[in-house]
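The values are calculated or read from the model by the stated rules, or taken from the named source; none is laboratory data. Note that the coordinates shown come from a computational prediction; the quantities given were computed from them, not determined experimentally. Neighbour counts run over all protein chains shown; Cβ positions are idealised from the backbone, glycine included. With ligands, DNA and RNA removed, areas are computed over all heavy atoms of the protein, side chains included. Shrake-Rupley method; radii C 1.70, N 1.55, O 1.52, S 1.80 Å.
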Amino acid sequence: MCLLCDLKSPQPSASAPRPGHVWSSRRAFVLAAAASAASTTLPAAAQVDVGKPSSLRKLVPADEIEGAATQQYVQMMREAQGKQVLLPAGHPQVKRLHAIARRIIPHTAAWNPRAREWKWQVNLIQSPEINAFCMPGGKIGFYTGILDQLALSDDETAMIMGHEMAHALREHARERLAKSSATDIGLRLGAQLLGLGDLGNVAAGLGSQLLTLRFSREDESEADLVGLELAARGAYQPRASVSLWQKMAAKTGGPGIGFLSTHPTGPNRIRDLEANVPKVQGLYEQARKG
């Protein structure tokens, strides 16, 4: 099982990708959660309280939406490659993201057993946009704008990565899709429940919607808290969650902030994080000790 395909092969220079080089998911940063967790005991009971995931998400098969996400992610990375804005594995910022992911991913399966089978990928796109995402199935993307314009520390970057991972682990996109699909097909829903024909095929036509879904306030709160705990278990300072959103709040209303269009900030968000930091502080201190 391949853990880090890129790290086993000669690295390209830190300059823009070579023209003509076709991006391949096999050459991207790939980390199988199961392999990473092989020597890691799964965490004990969660320290943050987010309740159970919505059962409505089951109306859309997980493998359908994960497959659609993979296709969209591959297309997106190939387009970035063609524009010479997909940064290579040897770039310092890419290495930084990979290092953070290595420390967080082993703790994801406790939140979603499917994560053991996900082929995690992390890529960095050169763009001033302040944004990041994690698509269903563990497909992560960062834009250089969010790292540079917010001058993020490793701890703050880990909070963003954990937050985005949490959306995927809690299957918020799957839930949003199920709710919208149920509304769209109305009375036909009852007839489809036995075979899930229409709903099962909806995910395949999602395309870029997976990157523009607006999650509910409850979804955002869950992602904040699950991401906070994931990062703490990866030995990242919990207080960074507060400083991160303080930086986000200071950027509200500025141009090119895609992250805030789908992840609005506010004083309640910061207060909730402040209240939960003590709950995971012990996990952070234990993780630091190794």
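In this entry, L147 is excluded by the filter for residues that are open to solvent by less than 10 Å² (accessible area, probe 1.4 Å), under 13 Å from the mean Cα position of the chain (by Cα) and in contact (Cβ under 8 Å) with a residue 24 or more places away in the chain.
Just one of the numbered conditions (1) under 21 Å from A178 (Cα atoms); (2) open to solvent by less than 40 Å² (accessible area, probe 1.4 Å) is not true of P113: (2).
Residues considered: G195, G290. Of these, the only one that is surrounded by fewer than 15 Cβ atoms within 10 Å (Cβ to Cβ), more than 22 Å from the chain's Cα centre (by Cα) and at pLDDT 60 or above is G290. Every test in (1) in contact with an Asp or Glu (Cβ under 8 Å, 6 or more places away or on another chain); (2) free of Cβ contacts under 8 Å to residues at least 40 places away in the same chain; (3) hydrophobic (A, V, I, L, M, F, W, C); (4) open to solvent by less than 10 Å² (accessible area, probe 1.4 Å) is passed by A166 save one, and that test is (2).
Let's see how each residue does on (1) closer than 22 Å to G234 by Cβ; (2) touching a helix residue (DSSP H, G or I) at 6+ places or on another chain (Cβ under 9 Å):
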{"position": "A69", "(1), (2)": "no, yes"}
{"position": "Y73", "(1), (2)": "no, yes"}
{"position": "M77", "(1), (2)": "no, no"}
{"position": "H107", "(1), (2)": "yes, yes"}
{"position": "G162", "(1), (2)": "yes, yes"}
{"position": "M165", "(1), (2)": "yes, yes"}
{"position": "A168", "(1), (2)": "yes, yes"}
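Might you check whether a residue that is touching a Pro at 6+ places or on another chain (Cβ under 9 Å), modelled with pLDDT under 75 and of a type outside the set (A, V, I, L, M, F, W, C) occurs anywhere in segment 258-265? For segment 258-265, residues touching a Pro at 6+ places or on another chain (Cβ under 9 Å), modelled with pLDDT under 75 and of a type outside the set (A, V, I, L, M, F, W, C): absent. Evaluating R103 against the criteria (1) of a type outside the set (V, I, T); (2) surrounded by fewer than 24 Cβ atoms within 10 Å (Cβ to Cβ); (3) touching an Asp or Glu at 6+ places or on another chain (Cβ under 7 Å); (4) part of a helix (DSSP H, G or I) leaves one unmet condition, (3).
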